[in-house]
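Down below is the structure, laid out as structure tokens.
The values are calculated or read from the model by the stated rules, or taken from the named source; none is laboratory data. If you're wondering where the values come from, they're calculated on a predicted model, not measured in any experiment. Here Cβ is always computed from backbone atoms with ideal geometry, including for glycine, and neighbour counts include all displayed protein chains. Side chains included, ligands, DNA and RNA excluded: accessible areas come from the protein's heavy atoms. Shrake-Rupley method; radii C 1.70, N 1.55, O 1.52, S 1.80 Å.
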Amino acid sequence: MPDTARDGEQTLPFDPASAPHAPVTFIGRVSSPWSRGNCPKNVRAARERGEPAKLLIDAAYRPGLQGLSPSSFIIAIYWMAEARRDIIVQRPGHVEGPRGVFSLRSPVRPNSIAQACVQITAIDAALGVIEIDAMDCFDGTPLLDIKPWIATVDQPPADMG
């Protein structure tokens, strides 16, 4: 991780990674073609590159895959392990001026949690392999959770826009 912030960015006076809060459990890993320097900035960009990915689920959690099927959408929640956690105001290259971390989808945040809505293309629950259409994180990224995408719950009502 770089030790310096960009012009206009602000860092926290502490490192959130050192806080003694509730631990999380990784349920598996993401298998993707991406590494530092070639990773797309979001799932849309990953889909445009046409590179599929996989979610590799640890044996203990494989029974939890029951009910998932190809063609359905899921929300993958993952831990951006290599991201900085101490920048609270960022200066992204795609917008004018600094922005607070909570107004961005950047992996650089106090808790490096990311999520992506992805489509299952194939699944082998016995082996714990979920093939998905795309992913925007490095190969080996820890997977925190999987939730089904449900239109009646996850899609904002038309009258809200």
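Structural remarks
Here's the yes/no breakdown for (1) closer than 21 Å to Ile123 by Cβ; (2) modelled with pLDDT under 85; (3) of a type in the set (S, T, N, Q); (4) surrounded by fewer than 13 Cβ atoms within 10 Å (Cβ to Cβ):
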site	(1), (2), (3), (4)
Met1	no, yes, no, yes
Phe14	no, yes, no, yes
Pro20	no, yes, no, yes
Thr25	no, no, yes, yes
Ser31	yes, no, yes, no
Cys39	no, no, no, no
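- Only residues that are open to solvent by less than 80 Å² (accessible area, probe 1.4 Å), modelled with pLDDT under 95 and either of a type in the set (Asp, Glu) or in contact with a Pro (Cβ under 6 Å, 6 or more places away or on another chain) (or both) were counted in the stretch 138-161, giving 1.
- Ile75 meets each of the listed conditions (1) surrounded by fewer than 18 Cβ atoms within 10 Å (Cβ to Cβ); (2) modelled with pLDDT of 95 or more; (3) touching a Leu at 6+ places or on another chain (Cβ under 9 Å) apart from (3).
For every residue, the table says whether it meets (1) open to solvent by less than 50 Å² (accessible area, probe 1.4 Å); (2) in a strand (DSSP E or B); (3) more than 22 Å from Ala45 (Cβ to Cβ).
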| site | (1), (2), (3) |
| --- | --- |
| Ala81 | no, no, no |
| Arg84 | yes, no, no |
| Gly93 | no, no, no |
| Asn111 | no, no, yes |
| Gln119 | no, yes, no |
| Ala122 | yes, yes, yes |
| Asp136 | yes, no, no |
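- Residue within the stretch 96-111 that is within 23 Å of Gly50 (Cα to Cα), in contact (Cβ under 8 Å) with a residue 24 or more places away in the chain and touching a Ser or Thr at 6+ places or on another chain (Cβ under 8 Å) present: no
- Condition check for Gly64: assigned to a helix (DSSP H, G or I) and open to solvent by less than 80 Å² (accessible area, probe 1.4 Å): yes
- For Ile88: the one exception among (1) assigned to a strand (DSSP E or B); (2) of a type outside the set (Ser, Thr, Tyr); (3) farther than 25 Å from Phe14 by Cβ; (4) over 14 Å from the mean Cα position of the chain (by Cα): (3)
Matching residues to (1) surrounded by fewer than 17 Cβ atoms within 10 Å (Cβ to Cβ); (2) touching a strand residue (DSSP E or B) at 6+ places or on another chain (Cβ under 7 Å); (3) of a type outside the set (D, E, K, R):
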{"site": "Lys54", "(1), (2), (3)": "no, yes, no"}
{"site": "Asp58", "(1), (2), (3)": "yes, yes, no"}
{"site": "Ala116", "(1), (2), (3)": "no, yes, yes"}
{"site": "Ala126", "(1), (2), (3)": "yes, no, yes"}
